[in-house]
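**Q** One structure follows; several queries about it will come next.
The values are calculated or read from the model by the stated rules, or taken from the named source; none is laboratory data. Bear in mind that the values here come from a model prediction, so they are computed numbers and not experimental data. So basically every Cβ, Gly included, is an ideal-geometry build from the backbone, and we count neighbours across all protein chains shown. Just so you know, the surface numbers come from the protein's heavy atoms only, side chains and all, with ligands and any DNA or RNA stripped out. Shrake-Rupley method; radii C 1.70, N 1.55, O 1.52, S 1.80 Å.
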Amino acid sequence: MASIRDLPAAVKPLLARFTSDAGARVPLVALWAHGSLALGDYQPGRSDLDLVALVGTELDDAQQAELRAVHERLIADVPLARSLHCTYVPRGDASDTARHHPTWAQGEWFERPVSPVSRRELTLGAVVLHGPPPVGLLPGVSDQELAEFIRGELEDYWLPVTGNAKAELWLQDIWVDLGMLTFARASVTLRDGQLITKGEALEELRSMGAPTAVVDDIRRRRYGADLPKNPSTSDDFRARRAEQARKFVRAGITTLLA
């Protein structure tokens, strides 16, 4: 398991401060990073900082309000904190995989479970920011559970948003990126049982025959790759990109679920 010492220098002060500030307000048993930080694909200013905190007790309203204030102050002081997301799991409820837990993400406070994908990432290689590693503290994820979750996400969420009624969403960078990369990563997991990075997903998209201009556009914005320029801000390009990405993802998901 990696530790905070192994992380990019750009995020160490932020994560050290967050660990200290959160630990001063709730009984912090452990704090783990997963996602791109753990998979070695973190891109400062582009990637999210995905965290799971194990806390010693059920959080009451006052504690949740204090944690929300911690996140808001961090964002005010450190712009990079906008990408810091954390789910707070009470130690006694860690084995309840369906339980929704207090979460800060995308500038909002709400509740959600720790998904099978997140739990698999944590099991494979969490970055331990505080306390013990997650093995034995969070339930593991079987290949069947992981595959069922991914198929459900594709069928219930992603397939509907590739329909004609949602076509305008795909004019936005975020939908092109998430749709294409999620489909590629899901394809590999369902085929091989492996979790891959977003960088590896771009190579998978190429092998699938995805539109080259769309893949290059995603790579350029995520990695700043030195690729031939595309008129990515023009209405015509964005319209073509949206249609190509949406139809590619829809066809791919339909085949994958068949």
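**Q** Within region 142-152, identify whether any single residue is open to solvent by less than 60 Å² (accessible area, probe 1.4 Å), hydrophobic (A, V, I, L, M, F, W, C) and in a loop (DSSP other than H, G, I, E, B), and answer yes or no.
**A** no
**Q** I would also like to ask the following. If you go through region 64-96, how many residues are crowded, with 16+ Cβ neighbours inside 10 Å and over 25 Å from Val11 (Cβ atoms)?
**A** 2
**Q** Please go through region 106-116 and give me each residue that is in contact (Cβ under 8 Å) with a residue 40 or more places away in the chain and either under 17 Å from His71 (Cα atoms) or open to solvent by 40 Å² or more (accessible area, probe 1.4 Å) (or both), ordered by number.
**A** Trp109
**Q** Determine if region 156-163 includes at least one residue that is among the polar types (S, T, N, Q) and surrounded by fewer than 20 Cβ atoms within 10 Å (Cβ to Cβ).
**A** So far as region 156-163 goes, no, none of its residues is among the polar types (S, T, N, Q) and surrounded by fewer than 20 Cβ atoms within 10 Å (Cβ to Cβ).
**Q** Which members of region 190-204 meet the condition of being in contact (Cβ under 8 Å) with a residue 60 or more places away in the chain and more than 11 Å from Leu39 (Cβ to Cβ)?
**A** Scanning region 190-204 gives a single hit, Leu190.
**Q** For region 32-63, which positions are among the hydrophobic types (A, V, I, L, M, F, W, C) and either under 15 Å from Leu15 (Cα atoms) or at pLDDT 95 or above (or both)?
**A** Matches in region 32-63: Trp32, Ala33, Leu37, Ala38, Leu49, Leu51, Val52, Ala53, Leu54, Val55, Leu59, Ala62.
**Q** When you check Gln43 against the structure, is it over 22 Å from the mean Cα position of the chain (by Cα) and either of a type outside the set (A, V, I, L, M, F, W, C) or closer than 20 Å to Pro79 by Cα (or both), yes or no?
**A** The answer is no for Gln43.
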